[in-house]
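The values are calculated or read from the model by the stated rules, or taken from the named source; none is laboratory data. The structure presented is a predicted model; accordingly, all values stated were derived computationally and were not measured. Glycine gets a Cβ as well: all are built from the backbone with ideal geometry, and neighbour counts include every protein chain shown. For the accessible areas, the whole protein counts, side chains as well, though only heavy atoms, and no ligand, DNA or RNA atoms are used. Shrake-Rupley method; radii C 1.70, N 1.55, O 1.52, S 1.80 Å.
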Amino acid sequence: MLIHGIDPARVAAAVFDLGGVFLAGGVESVRAFGERYGLAPDAWDAIRSELFNDLGIWSAVERGERQLDDFVARLRELVAGHGGSVADADARNFMGNTGEKAAQRLRHEIVAATARLHARMPTALLTNNIPEWRESWRSLLDLDALFDVVIDSSEVGTRKPEPAIYELTRVRLGLPHEALFFVDDLGVNLKPARTLGWQTLRYDDTARVLEVLDAIAAVKLERRER
């Protein structure tokens, strides 16, 4: 039986994004950044278009090819060019991924559901991230208790939605693409996985995601008890 388009019986391993799944915000935090610093919507849209496209500086930082300092300098330069001003510390934490803000965004119900799944099947974390934030986000989650595999884009040199990172995830889990299930808040990150045969679910409603995760866990438990 399908649950929100997902066949729990096909799932042999579950893969999760970090920001936007375990941490509320993500894309919303980026979209709201310009308004917080007095930029007109069209100005912030233009800045985002330069910084965050697949060939932009942020993508290079997430692949470990550039440093956060490079991004921060360019962000501050572009904001100033549109008549705004942002402090260095605020530019470094533009997504709220470090410090107390990050801890306040943690979705504990998703952590608990992932722990239930991890007890019954392999699980993986697949995150676009940067070295400078690694210590902070890793301190929020007991990675060993939640995941068998952790893939950080800045450690492996490729990022979502580049096909190589999905193949790497499959290899490390040791399963065929068709056996994998993936939750991410961005459709652009889900599309390549779906093309490879993964079942995918966009995180746009917590109750819906929890229903699917619990259905997968229940099927796995039922099979064990037979």
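In the chain, Cα pairs under 8 Å separated by at least six residues give a relative contact order of 29 percent.
How would you classify the stretch 1-93 from its alpha-carbon gyration tensor, with a ≥ b ≥ c the square roots of the eigenvalues: rounded for a/c under 1.5, else prolate if a/b is greater than b/c, otherwise oblate? Mind showing how you got there, number by number?
On the way: a/c = 2.87, a/b = 2.08, b/c = 1.38.
In terms of gyration-tensor shape, prolate.
Give the accessible surface of the stretch 96-226 per residue, rounded to a whole number of Å², with probe radius 1.4 Å and ligands, DNA and RNA excluded. Kindly include the intermediate steps, with their values, before the conclusion.
Values: 6020 Å² over 131 residues.
Dividing the accessible area of the stretch 96-226 by its residue count gives 46 Å².
Think of the chain as having a plus end and a minus end, set by charges on the Cβ of Lys, Arg, Asp and Glu; of Tyr166, Val61, Ala13, Ala13 sits farthest toward the positive end of this dipole. Solvent-accessible area of the chain (1.4 angstrom probe, protein heavy atoms only): carbon and sulfur portion equals 50 percent. Across the options Phe181, Thr206, His108, the greatest Cα extent toward the positive end of the charge dipole of the stretch 87-217 (unit charges at beta carbon of Lys, Arg, Asp, Glu) belongs to Phe181.
With every protein chain left in place, what is the accessible area per residue of the stretch 1-81 in square angstrom, probe 1.4 Å? Numbers along the way, then the final one.
Working: 3730 Å² over 81 residues.
Per-residue accessible area for the stretch 1-81 comes out at 46 Å².
Classify the stretch 121-210: rounded, prolate or oblate, from the alpha-carbon gyration tensor (a ≥ b ≥ c, eigenvalue square roots; a/c under 1.5 rounded; otherwise prolate if a/b is larger than b/c)? Rounded. Note on the chain: Cα-Cα pairs beyond 24 Å make up 45% of the total pair count.
Between the alpha-carbon centres of the stretch 152-226 and the stretch 91-149 there is a gap of 15 Å. For the residues Ala119, Ala80, Ala215, a GNM of the chain with alpha-carbon springs under 10 Å puts the largest fluctuation on Ala80.
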